[in-house]
Amino acid sequence: MENSKDFDVNFIDISLDDLRDIDLLEASIFDEVARKNDLSENEESEIEDYNIYPSKKRRRMFIPSESESEIDDVEKIVNENIDRLSASTSQKWLQPKGHQPSVIAFKEVTGMRQPFASQFRNAAPGQYFSLMVPDEIFEEIAIQTNLFAEQQGPSEKPSSRSNQWKATTKDEIKRFFGLILYMGLVKVPKINLYWSTDRVFGQTFAASVMSRNRFELLLQKLHFTNNDTADVSDRIYKIRPLLDSLNKTFKNIYAPKEDICIDESQVPFRGRIIFRQYNKSKRHKYGMKLFKLCTLPGYTCKLELYAGKNNELVNTTPTRVVMSLCEHILGCGHTLATDNWYTSLELANELLDKDTHLVGTLRKNRRGLPKVVVDSKLKPGEVIARENERGICVLKWKDKRDVLMLSTKHSKGFSKIIKKGKIIRKPRMVLAYNKTKSAVDMSDQMAAYSSPLRKTVKWYKKLGIELILNTAIVNAWVMYNENKKKSESIVQFRRELVEYLVDAGKDKTTESERIDRPRRLKHQLLKKEGNEEKQEKDGPGLETDPAH
């Protein structure tokens, strides 16, 4: 070897994960050199002076040595063990061949699972919603609401509404949520106006369901978990039971299509909370961030609430978020679309190991990317791409601006589409990404129509209403239209759910409950034939009002 003091291993990019691998590799190198040269104990001390370190400027490995034969041994060992480094640090980028390595063919049955699809072929919207939010969830909310009211105890103020608390039931909680859903369809400036007798704002529907005092008391006491036994180290323990229950239901009832998507949704909230987020690209810039796994045409398969970087229960790095959300569908041949916050070579390799494709936009500062693609200057319509040995393709296409993308399923091929009456050419991976990425957008769009969300100081109440009356309803609507091959609007679907919820328990009202209800007695005067004397129709003990 010439100039054996400078040992170059293909300009390896070094990350923190790679440094740990290099430490292990360094130890094995020393052991191998010592074994092959039969070093004595005195000679071993010289080996300890060997160092492997990356240069800050050129990112090279240097191994100082006085023996050229030892350098040859080290080079051989490094070449034999280089695969132990992260795949993203040893990429060889070649011209695209257009033949990506095949993964497991997607043969899963999609849509509403059996036997639900057959049983609910002629079901009403309320029955589809009951699949997403079963009565057990409403029963648990009633139990926890009663427990919270008991833990709070009576108020010190004699006139406080809390002193009028009576235990709620599952049916009353369903009517309560039905009334909130109605408030999303019929908007008035303030909640108390739903019970107003004003000529302009006057409403009659809310008063027919429950009194204003009872509604406001239920809203005040609404709770989802036991504060005394919950794991307070979990920042979202107040909503965790509901979130886990819904995720389990979403997974068991519906099988996602081949194309799936991961993105964030923002639940508007401006209160004081440690994991409140700011996102300038969202309609509501301040709020709580939800990571959502969706499939077309907008069904949410799983979601997680971002609880801050210091929350130990959930690792919120992009790769770990994706692997956590997709853990129940890996190995089935799905194609996942992600935006540039998630997409990386590391994620692509991990998903390929689990027989799952990845397509997504890419940030140019991700490590391991081919520089010839990232640094190239293109004219509108031009494209440049490179592939590695695993079939991962990195493509740059000039549209109105540069578009950098990664795909494990597509090469640099183009397809023709019609846009504004003109035939234009676009890369296939761009078209596939745009189609799949619309799943989360569709879910958010449907949830925004007639949303019942209102301002509140309690973050977990707002999130609970979002999950039950937006996410779950959109899922039920998707299943309803798919299974019945209909195209009912989301607004009409919500209207039918209002009737389903507010009628809960009406047929179970007992006669004793009706008797306890105060009635207004009406008196009537009858004229007896042949006699001018007035006679009362009412029974004994009641006095006739002269005004009647």
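Surface listing: 299, 278 arranged by accessible area from highest to lowest gives 278, 299, probe 1.4 Å. Loop-located GluC sites (Glu not before Pro) in segment 279-360 (DSSP state other than H, G, I, E, B) with a sparse environment of at most 13 neighbouring Cβ atoms within 10 Å: 312, 327. Averaging 1/r over each pair of different alpha-carbon atoms in segment 353-487 and inverting the result gives 18.2 Å, the Kirkwood hydrodynamic radius.
Can you tell me which of 208-218, 494-504 comes out highest on packing, and rank the rest after it, using the mean Cβ neighbours within 10 Å?
494-504, 208-218
Accessible surface area normalised per residue over segment 151-255 is 51 Å², counting heavy atoms of protein chains with a 1.4 Å rolling probe.
With a Förster radius of 45 Å applied to the C-beta separation of residue 161 and residue 485, the computed FRET efficiency comes to 0.40. With N counted as the residues of segment 123-252, its alpha-carbon radius of gyration over 2.2 N^0.38 Å works out to 1.19.
Note on residue 208 and residue 108: with the Förster distance fixed at 51 Å, the Cβ-Cβ geometry gives a FRET efficiency of about 0.65.
Pairwise inverse Cα distances across segment 285-360, averaged and inverted, put the Kirkwood hydrodynamic radius at 13.2 Å.
Report the per residue volume, in Å³, of the convex hull enclosing the C-alpha atoms of segment 328-429.
Spelled out: Cα convex hull of segment 328-429, divided by residues, is 114 Å³.
In whole angstrom, note down how far apart the Cα centers of segment 280-302 and segment 100-174 are. Cα centroid to Cα centroid, the span is 21 Å. For residue 228, the solvent-accessible surface computed with a 1.4 Å probe is close to 120 Å², ligands and nucleic acids excluded. Model label points for residue 492 and residue 278, set 7 angstrom from Cα along the Cα-to-Cβ axis, are 4.4 nm apart.
Sorted largest first by accessible area at a 1.4 angstrom probe radius, with every protein chain in place, the residues 477, 341 fall in the order 341, 477. You can think of it this way: the chain between residue 422 and residue 220 has 67.0 nm of extra reach, that is 0.36 nm per residue less the Cα-Cα gap. For segment 409-474, the calculated P(r) over all alpha carbon pairs, in 5 Å bins from 0 to the bin holding the longest distance, is 3, 14, 16, 13, 11, 9, 9, 10, 8, 5, 1 percent. For segment 165-174, 3J(HN,Hα) computed residue by residue from phi via the Karplus equation (6.51, -1.76, 1.60; θ = phi - 60°) reads 5, 10, 4, 8, 10, 4, 5, 5, 5, 5 Hz, glycine and proline entered as x.
The Cβ shell under 11 Å around residue 296 holds other residues with a net charge of -1, Lys and Arg each +1, Asp and Glu each -1.
The modelled label-to-label distance for the pair residue 286/residue 198, using points 7 Å beyond Cα in the direction of Cβ, is 2.7 nm.
Given 435/486; 190/458; 426/484; 289/437; 251/461, which pairs have Cα atoms separated by over 26 Å? Correct reply: 426/484.
Suppose the chain between residue 402 and residue 97 were pulled fully straight at 0.36 nm per residue; how much longer would it get relative to their current alpha carbon spacing?
Taking residue 402 through residue 97 to full extension adds about 107.5 nm, to one decimal.
Carbon-plus-sulfur accessible fraction, segment 364-405 (probe radius 1.4 Å, protein heavy atoms only): 47%. Model label points for residue 367 and residue 506, set 7 angstrom from Cα along the Cα-to-Cβ axis, are 6.4 nm apart.
The residue 233 and residue 328 beta-carbon pair, evaluated with R₀ = 41 Å, returns a calculated FRET efficiency of approximately 0.95.
The values are calculated or read from the model by the stated rules, or taken from the named source; none is laboratory data. Source: prediction; values computed, not measured. Positions of Cβ are generated from backbone atoms using ideal geometry, with glycine treated the same way; all protein chains shown enter the neighbour counts. We work out accessible area using only protein heavy atoms, side chains counted, and drop any ligands, DNA or RNA first. Shrake-Rupley method; radii C 1.70, N 1.55, O 1.52, S 1.80 Å.
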